[in-house]
Amino acid sequence: MSYLLLIETSAKNCSVAIADEQRVLLSKSACAEHFIHAEQLHVMLQELFSELSLSANSLNAIAVSKGPGSYTGLRIGVSAAKGLCFALNIPLIALDTTEILAHYAAVNTVHATRILPMIDARRMEVYTAHFDAEAKRITDDEAMVIDEQSFSDFAEEQVVLVGDGADKCRPFIHAKMQILSILPNATMMFEPAMRSFLQKRFEDVAYFEPFYLKDYIPGTSRKSVL
């Protein structure tokens, strides 16, 4: 029996799960307005192993959401995944966050012709890509500012918007469009992660980095310096 650890930290939801070849055995999630990934991730991992009576040495691979998404969340999740892969000498699987959301939408909606993951990138910006109804990729990931023209090409299509950035699109959608406002979580990763595992599509652990999509621009500190 093969066991996979699934780690999803690309948004405010810090989520982990352990799966065997058939199903997700147990998952843990914690979500807050401020990022709690650094405090909660390793605690939840320990709880998973304890409650399933498994040791980390039982793992055959680790799958992590690689982005796009939050710089902080991705950095913490990928660092944890890489550290465990090095320590346990097991392979690393990286899944695109838009693909995780697209797969979820394909399974949980009907009559869709196009799936658009919407990952919140603050203000009116999202990270997105186009997928068909079976979650097959059509376009590369991109950063997009949502406005009244964003969905003009889909006036006659059954489009599903999925992700934590979907709600900000409501003023600009038409009646045929559906919204699945949901944060990505580790349980969504099971099928694509297992498929990658069976096909041996692994990353080079030493050189793998998160997919930030946009360069990180730190905010200006509001603290006065004396």
Residue within segment 140-147 that is among the acidic types (Asp, Glu), under 26 Å from residue 19 (Cβ atoms) and not assigned by TED's automatic domain parsing to the domain that holds residue 61 present: yes
Unmet requirement for residue 195, which otherwise passes all of (1) surrounded by fewer than 16 Cβ atoms within 10 Å (Cβ to Cβ); (2) more than 30 Å from residue 87 (Cα to Cα); (3) basic (Lys, Arg): (2)
Residue under evaluation residue 98, criteria (1) in a strand (DSSP E or B); (2) of a type in the set (Ser, Thr, Tyr); (3) under 19 Å from residue 201 (Cβ atoms), criterion not met: (1)
Any hit, segment 19-30, residues being in contact (Cβ under 8 Å) with a residue 40 or more places away in the chain and aliphatic (A, V, I, L, M): yes
Candidate set: segment 199-226, residues that are modelled with pLDDT of 75 or more and acidic (Asp, Glu); chosen: the one surrounded by the fewest Cβ atoms within 10 Å (Cβ to Cβ): 204
Number of positions in segment 13-33 that are crowded, with 20+ Cβ neighbours inside 10 Å and assigned to a loop (DSSP other than H, G, I, E, B): 0
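Is at least one residue of segment 116-128 assigned to a loop (DSSP other than H, G, I, E, B) and in contact with a Pro (Cβ under 6 Å, 6 or more places away or on another chain)? I'd like the intermediate steps shown before the answer.
Of all residues in segment 116-128, those assigned to a loop (DSSP other than H, G, I, E, B) come to 118, 121-124.
Among the residues that remain, those that are also in contact with a Pro (Cβ under 6 Å, 6 or more places away or on another chain) are: none.
Among the residues of segment 116-128, not one is assigned to a loop (DSSP other than H, G, I, E, B) and in contact with a Pro (Cβ under 6 Å, 6 or more places away or on another chain), which makes the answer no.
Got a sec? Which of 137, 123, 114 is on the phi > 0 side of the Ramachandran plot and either small (Gly, Ala, Ser) or not assigned by TED's automatic domain parsing to the domain that holds residue 66 (or both)? I'd like the intermediate steps shown before the answer.
Values: 137 fails: on the phi > 0 side of the Ramachandran plot; 114 fails: on the phi > 0 side of the Ramachandran plot.
It is 123.
Examine segment 159-167 for a residue that is surrounded by fewer than 18 Cβ atoms within 10 Å (Cβ to Cβ), assigned to a helix (DSSP H, G or I) and not assigned by TED's automatic domain parsing to the domain that holds residue 59, and state whether such a residue exists. Write out each step before concluding.
First, pick out the residues of segment 159-167 that are surrounded by fewer than 18 Cβ atoms within 10 Å (Cβ to Cβ): 167.
Then drop every residue that is not assigned to a helix (DSSP H, G or I), which leaves 167.
This time we only want the ones that are not assigned by TED's automatic domain parsing to the domain that holds residue 59, so: 167.
Yes, that holds for at least one residue.
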Qualifying positions in segment 108-151 - farther than 25 Å from residue 214 by Cα and exposed (fewer than 15 other Cβ atoms within 10 Å of the Cβ): 108, 110, 111, 113, 134
Index of the failed condition, residue 83 passing every other in (1) within 24 Å of residue 198 (Cβ to Cβ); (2) surrounded by fewer than 16 Cβ atoms within 10 Å (Cβ to Cβ); (3) of a type outside the set (D, E, K, R): (1)
Residues within segment 60-80 that are buried (at least 18 other Cβ atoms within 10 Å of the Cβ) and among the polar types (S, T, N, Q), tallied: 2
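The values are calculated or read from the model by the stated rules, or taken from the named source; none is laboratory data. Values in this document were obtained by computation on a predicted structure and should not be read as measured data. All Cβ positions, even for glycine, are placed from backbone atoms using ideal geometry, and neighbour counts span all protein chains on display.
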